[in-house]
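A short write-up of the structure that comes next.
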Amino acid sequence: MHILFATSEARPLIKTGGLADVSGALPVALRAIGLDCRLLLPGYPAVLAGVKDAKPVCMLNGLPDDTVATLLEATMPDSEVPLYILDAPELFQRPGGPYQDVAGHDHPDNVLRFAVFSKAAALLASSDSPLAWRPDVLHCNDWQTGLAPAYLRLAGEKTPSIMTVHNLAYQGIFPPAELLTVGLPPESFAVEGVEYYGNLSFLKAGLYYADRLTTVSPTYAEEIRQPALGMGLQGLLTSRGDDLVGILNGIDSGEWNPTADHYLPCKFSSRALAGKKDCKLKLQQDLNLEPGRNAPLFGIIARLAQQKGLDLILAVADGILHRGGQIALLGTGEKALEAAFRDLGAQHPGRVAAVIGYDEGLSHRIEAGADIFLMPSRFEPCGLNQLYSLRYGTVPIVHATGGLQDTVEDGVTGFVFHEPTPHALWLAVDRALTTYADTKAWQRMMRAGMKRDFSWEKSAREYESLYRELLKPA
Ligand code: ADP
């Protein structure tokens, strides 16, 4: 079975969040169970620089705004997954990140950039594709590929498509006049189409036109049918209820493996935990925290965004420090949150380390060196850091939402609280600290989490059955 997996980021080439982890790992897992899954990525500088063997295979015509693009063929650097790169230098070769410029503002032509990317994906899945390799299913991810199912369907193409929502909060919303830019027919600008409260929504297009919808945990698949987390799309998602399924993300267990993680100063496992203590001491040293095996060290790694409930952490930070705890945060994002954590660090030298930035190695060292991981997200489609924490014996404290609820078992592998309030978080922190003081009970919890299996194979099988369902003759 041939699957084209269209995505706007994939690690290790380009990453801003969990989408990149999924896009880096799921195609590998699909190939491991016998599917021919190939990736399609935009030709950002980091992608072009990160592959060794890129060869042009064809030109792509018929893209929005008469964009001229070349399709390159390469392989992912660490996995041998075949990769197609949409090389359109005017759109993708520029400084900054995939969606924003160096100053943190959205690229002004994102509407065209991702319309072109979506159209290219649709073209490769269509009967007009210039490639000999044809996908049986086009698998789209998040708003950046949301128009692809619309292009396919409106052109009368038969290839089925899947739209996976990694986060419903990012929808790719543009003014209605952009319908011309993206080249969709005026009649598609309707409630039964790509229109979203008077604007054009890329994600809504995908959710309306794709044959099947998935999201990244069963609980989030339920939550987005409700007004609180449905972001105005709950009506559509409810009406498409039979086509919507939640498939939990896995983790890349090669990349996140405490017995072999090359970022760590010491390795450890559920049977040999000593190395974890050494990771903690080294982390304390590196982050200028007071050395001490016994001070409970709280780790946080997150995009600093409202979604992640970081205001709740700020509200309980004094309580944590008062109980002898330490805090190590790694994150970047909203300026106000960056400043608040910087201030907290400045007020409590030796007790709070706030590293504002993006650092893959440090994220591994925090997962390994911390005792407790804080993830009080207000909503969380799946969440990966709590899974990395479980694997690294770092007991997570999570809000009961989305994938956090589906992956952390209260009192067994972590601590789950139900209301997104400082008080509820504090009660969970208090329970964690009480358990932490009982070494045997704590180690039992660490080991219970480390033994949970969150490898990709199970999820890959679920995607496979979804693809097979789509290919069944009607
Ligand atoms: P989201 O996709 O909403 O950002 P996830 O928990 O699904 O959240 O995935 C986040 C991914 O990004 C994880 O792999 C996490 O380790 C990583 N990450 C987030 N912020 C940073 C950072 N500042 N430095 C390094 N890695 C980070």
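Structural remarks
- Per-selection Kirkwood Rh - the chain (Cα, Å, 1 d.p.): 23.0 Å
- Between 0 and 90°, nearest 10: helix 335-347 axis offset from the chain longest Cα axis: 20 degrees
- Note on LYS15: accessible area approximately 60 square angstrom, rounded to 10, probe 1.4 Å, nucleic acids and ligands left out.
- Each Lys and Arg contributes +1 and each Asp and Glu -1, all at the Cβ; summed about the Cα centre of region 9-168, the dipole is approximately 260 debye.
- For the cross-link pairs LYS158/LYS472; LYS119/LYS204; LYS280/LYS458; LYS276/LYS458; LYS119/LYS158, the ones whose C-alpha atoms lie over 24 Å apart are LYS280/LYS458; LYS276/LYS458.
- On full extension, the segment bounded by SER127 and ALA305 gains 59.9 nm, given 0.36 nm per residue less the C-alpha separation.
- Charging the Cβ of each Asp and Glu at -1 and of each Lys and Arg at +1, and nothing else, the dipole of region 274-453 about its Cα centre rounds to 540 debye.
- FRET efficiency estimate (nearest 0.05) - Cβ-Cβ, ASP78 to ARG468, R0 35 angstrom: 0.80
- Relative to the longest principal axis of the Cα atoms of the chain, the long axis of helix 360-369 lies at roughly 40 degrees.
- Put a plus charge on the Cβ of each Lys and Arg, a minus charge on the Cβ of each Asp and Glu, and nothing anywhere else: the dipole of the chain about its Cα centre is then about 1460 debye.
- Nearest-ten-degree value, helix 422-436 long axis tilted from longest Cα axis of the chain: 60 degrees
- Each peptide among 440-448, 297-305 gets the average number of other Cβ atoms lying within 10 Å of its residues, and from highest to lowest they stand as 297-305, 440-448.
- Portion, in percent, of the accessible area of the chain that falls on carbon or sulfur, probe 1.4 Å: 52 percent
- Take region 274-453 with all the other protein chains still there, run a 1.4 Å probe, and you get 38 Å² of accessible area per residue.
- Packing-based ranking, highest mean first, of 31-39, 139-147 given that Cβ atoms within 10 Å are counted: 139-147, 31-39
- Measuring between alpha carbons in the structure, the pairs from LYS52/LYS277; LYS282/LYS440; LYS267/LYS440 lying more than 30 angstrom apart are LYS52/LYS277.
- Spherically averaged projected area in nm², based on the convex hull that wraps the Cα atoms of region 274-453: 8.7 nm²
- Between GLU334 and LEU427, the modelled label-to-label distance comes to 2.5 nm, taking each label 7 Å out from Cα in the direction of the beta carbon.
- Surface accessible to a 1.4 Å probe, per residue, for the residues of region 8-158, Å²: 37 Å²
- Relative packing of 90-99, 249-258, which averages over residues the other C-beta atoms within 10 Å, highest first: 249-258, 90-99
The values are calculated or read from the model by the stated rules, or taken from the named source; none is laboratory data. Just so it is clear, the model here is predicted, and its values are computed rather than measured. Every residue, glycine as well, gets a Cβ built from its backbone with ideal geometry; the counts of neighbours run over all protein chains shown. The accessibility values were calculated without ligands, DNA or RNA, using every heavy atom of the protein model including side chains. Shrake-Rupley method; radii C 1.70, N 1.55, O 1.52, S 1.80 Å.
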